[in-house]
Every structure is written in structure tokens, then in C-alpha cells.
Amino acid sequence: MMSETKPVHEVFISRRQSMLAALAEQRNIMGAVILRDLRTRFFNHGLGFLIVPAFPFVHLFALLLLHNLAGSEYAYGEDANVFLATGLIPTLSFMYVSRFMGLSLLMNRPMLAYPIIGMLEVVFARAILEILGAVWMAAAVISVLYAVGSDPLPADPVQAFLAFCTTLLLSVSVGLLVALVTAVFETFVTVWALTLILFYIASGSLFVVSLLPAQAVRILAWNPVLHCTEWMRTAYYPSYPEQVLDKGYLLAVAFGALVLGLAAERALRRRILGG
Amino acid sequence: MIVMDRVDKFYELEGQRRYILRQQSMHFEAGYSYGLLGVNGAGKSTTIRLLAGLELPDSGTIRRDLRVSWPLGFASGFNYLMSGRENLKFVSRAYGEDPKRVLKFVSDFSELGIYLNQPVKTYSSGMIARLAFGLSMAIEFDCYLIDEIVSVGDARFQQRCEDVFKERRKRASLIMVSHDMNMISRFCDRAMVLVDGELLAFASVDDAIGVYMRLNK
């Protein structure tokens, strides 16, 4: 008996249709999860999402205000506010994105009662919202600095954009790991919040790291967030000392954490779903 | 079709493994409805959750080539701070359904009226069950998983549930867990008994019910 085989173009069309159907399904799921997360985040109202960029924005301007009131000297460049903002935008983006992504599975566990929704959808939906929040925060900071007479635009916009994107990649990768560990050990939320203080202090947001003793620089250089701030500053100041900046290390940590996070999702999936 | 291939599922209790399924393989063919019987604690609900994909086996695989529901009547996916309407919209969007159609179906079916606009936390347990059941029926699946659906609402509502069940069964399969043998007889074409980690399939539903009754004595 002859077996019936489909012509190659039919097989191709069928595969393409199934891929399109899969993409459409993924779009539906992500859309639904994003809308629900947006709706339930703060005050049980969609507008509560405005709090997301407001947290780092207020945080950053409180620090700028304190520095202005204390009359601190310029660490670099001609404008202390711009210098601090170039460090604080990447650092606070990392802190808030990774922290709130870390809570995503814990807060949205009921969504996993629907088989169509997986853990990665829940975490990445939160990541999209957090990235939007970070972009709004950065745009708001630049607008306010511009309004008060500073020059908040970078000398090299492409490098500033790349520095910000890499910071967000690092934040999402680390946030994924934090979300998975938190889903297993709830107390890790507190551990991570305390660990972020170390990342913050060692980020170089408030000082020029190259001016520190070599031994301190060697230790601080392990902090990937430091490289985010250094990258951003080289984009703002053409003559900024670059010897500490290691883009390769930063990208390796960001992609490494992403791979580790995806592997952890596979490894912990049974345990997290099993409750 | 749902294919269960050499599936192990166990829980660690006081350092010992307690098997729910031990190296079990089973084909659930499309177009047939199955009853899953077993004494309390045998692992029927866990098996249903495995078939839904809400839990994963410790070894082996479960493949689904059709659209499988969540365990029917399941209310744990609701966000209790959101209204019934918002919860319905969320699930409709996730499953690619028209939220307006789902909302109308559930509104007519559950008769929750203006309560649909209230947060789910204000609902009674009966209202939550009606919302969950209505939602489960509003979305078309190829296979419905039913875990011990208890009687919801008054006699009229129960009759309506049964009518929807019968109508759905014409074009979808059911995999049903129940201690109500009358229900198993009426809705299932095939049945199996879960005992000591083994799924025993029987030629007829009556045979499976007979074994279950003996185990239950």
C-alpha cells in the first residue's frame, strides 16, 4: 500500500500556520497576564501602575535634594545633578526591576491555576511592566533636569542607550532568578532587598570609582551594576576614565544570569507547581 | 488524545515515598469520556492535575494534542480583590476568547447579576462555585477535566449544569472524578480505578464501579 505524503509546500504552510497559532496564543497569554498584573499591582486599579516609575523617581530626587542641601562637591563634570543621575538611573533601574520582578511569582501564584499560563509568562509579563516603568522614570528624570537648567543629554546617545539596555537585560536576568528562588523560599525577598543595599553602595553612583585605591577598585569591579554606571558615564563624559569599565564582564553576567534563570525554571518547575 | 507514558508521581512523607502513580501508561482517546475512581487519598485529584498540566510528573511524560481544561469548577485561579467580571475578562483573554461572549454566557448561566461587578471576596462559596462553573463552561475545550464537582446552587441550577454537560459531551471528552456512581454511569463510556499507584482500566464502567465498591467497603 502506498503511503500518502504531503507536498513540501503544504508541510511548510502547515508548520507556519501552527507557528503563527502558537505566537497568537502566546500574545493572548502575555496580554492577559500583563493587564491583570497592571490592574492588581497597586490600589486595585490600573492607574496604580503609575506608582512603579514613581518609586525610583522619588528615590532619585530625594538623593539629589540631599546632596544639594549638603552642598557636596562635584565628583565629575560641571553639574553634580547630572553626575548623580548618570549613576542613579542605571542603579535604581536594576534595584527596582529585579526587586519587583522577584515578587511576581509570589504575588501572582493564582494565575498558575490555569494550565495555559506558565511561570515564565508571569515573570516576563512583570518584566515588561518594570521595563516600561524604568523607561518612564529615566525620561521623567531627564525632563526634570532639563527643566531646572541642567544639560541631561549624553555626549554619545548610542552608548547611553546601549548602557541602559544592558542594565535592563541584567535586571531582568537577575529578576528571573530572584523570582524563582523566592517562589521556593519566600524569605529570599528580604535577603534580596538587603543584598541590593550592597549593590547600591558599591555601584559607584555617588563617586568616581577610578579615584579609589586599586585594591578597592578590584573588589568593587565584581559588582556588575558598577559597570552599568561606568558605561553610562562614559556615554555622558567623553574624557571619563574607562579603565574600570568591562563591558564583556557585564554582558557575560547578564546573559549568564539569564541562562541560569531559564535553567532554574526547568529545575524548579515541578517543585513550584507542586506547591 | 492525552497520552500518559511511564509516569511516576510520588510525594515524600516522613522520608518515605508515597506513590500516586508508579510507571503508569494510559491513552485517553478523543471522543470517549472516562471515569476515574478510587478511595479517598488514592491520588485522583493529583492525577487530574497532572492531566491538566498543573503539576508535573516526577518521571515519564504526559502529552496532550487537544485543548484540555483546568479541573472544572476550580476557583483557586480567581483574584479575590478583582470583580467577577474582571476575572472573567482575564481568563477569556488568556484563552483567546471574546470577553464579551464569555461575560454574557456566564452572566446568563450563573445568574449572578450585578454581583459580577463586585469583588469576588464578597461572594458566598456557592456564588464562587457558580462563577467558576460558568466560566469553565463558557470556554470551549476538547477535553473537560472534572474533579469531584459538588452540587452547586438550587435544583434548577443543577439541572442547567447537567444540560450543559450533556450538550458539551456531544463534541468534547470528559475525564471525571466522582464518588457519585450514578454520575459516572451516566456520563462515562470507560472507567478506571486508581489503587496503590496503579491505574486499572476496565472493559465496562459497571466492572470498574464494582471494584471501586469492593475497595470502599
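Observations on the structure shown:
- Of all residues in region A:235-275 being assigned to a helix (DSSP H, G or I) and of a type in the set (Phe, Trp, Tyr), the one that is farthest from the chain's Cα centre (by Cα): A:TYR236
- Any hit, region B:134-152, residues being in a helix (DSSP H, G or I), surrounded by fewer than 19 Cβ atoms within 10 Å (Cβ to Cβ) and either among the polar types (S, T, N, Q) or at pLDDT below 90 (or both): no
- Restricting A:VAL209, A:VAL244, A:VAL225 to those that are at pLDDT below 95, away from chain B (no Cβ under 14 Å) and surrounded by 21 or more Cβ atoms within 10 Å (Cβ to Cβ) reduces the list to A:VAL209.
- Some residue of region B:117-126 being within 21 Å of the chain's Cα centre (by Cα) and either under 27 Å from B:GLY41 (Cα atoms) or not small (Gly, Ala, Ser) (or both): yes
A quick yes/no check of all residues on (1) at pLDDT below 95; (2) part of a helix (DSSP H, G or I):
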| residue | (1), (2) |
| --- | --- |
| A:PRO110 | yes, yes |
| A:ILE116 | yes, no |
| A:PHE124 | no, yes |
| A:ALA127 | no, yes |
| A:TYR146 | yes, yes |
| A:SER150 | yes, no |
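- Candidates A:LEU60, A:LEU84, A:LEU105 - the one that is farther than 28 Å from A:PRO157 by Cβ, assigned to a helix (DSSP H, G or I) and of a type outside the set (Ser, Thr, Tyr): A:LEU105
- Scanning region A:142-161 turns up no residue that is within 30 Å of A:LEU273 (Cβ to Cβ) and away from chain B (no Cβ under 14 Å).
- All positions within region A:84-131 that are closer than 17 Å to A:ILE51 by Cβ and either in contact with a Pro (Cβ under 8 Å, 6 or more places away or on another chain) or among the aromatic types (Phe, Trp, Tyr) (or both): A:LEU92, A:SER93, A:MET95, A:TYR96, A:PHE100
- Within region B:79-96, considering residues that are facing another protein chain (nearest Cβ under 7 Å) and in contact (Cβ under 8 Å) with a residue 40 or more places away in the chain, the one farthest from B:THR122 (Cα to Cα): B:TYR95
- Whichever residue in region A:19-56 is under 19 Å from B:PRO119 (Cα atoms) and hydrophobic (A, V, I, L, M, F, W, C) and, among such residues, is farthest from the other protein chains (Cβ to nearest Cβ): A:LEU47
Every residue, every condition in (1) more than 15 Å from A:LEU88 (Cα to Cα); (2) assigned to a helix (DSSP H, G or I), yes or no:
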| site | (1), (2) |
| --- | --- |
| A:PHE164 | no, yes |
| A:LEU176 | yes, yes |
| A:GLU186 | yes, no |
| A:LEU194 | yes, yes |
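- For region B:66-120, the tally of residues that are assigned to a helix (DSSP H, G or I), surrounded by 18 or more Cβ atoms within 10 Å (Cβ to Cβ) and modelled with pLDDT under 90 stands at 2.
The values are calculated or read from the model by the stated rules, or taken from the named source; none is laboratory data. None of these values were measured; they are calculated from a predicted model. Using ideal geometry, Cβ is built from the backbone for each residue, glycine included, and neighbour counts are taken over all protein chains shown.
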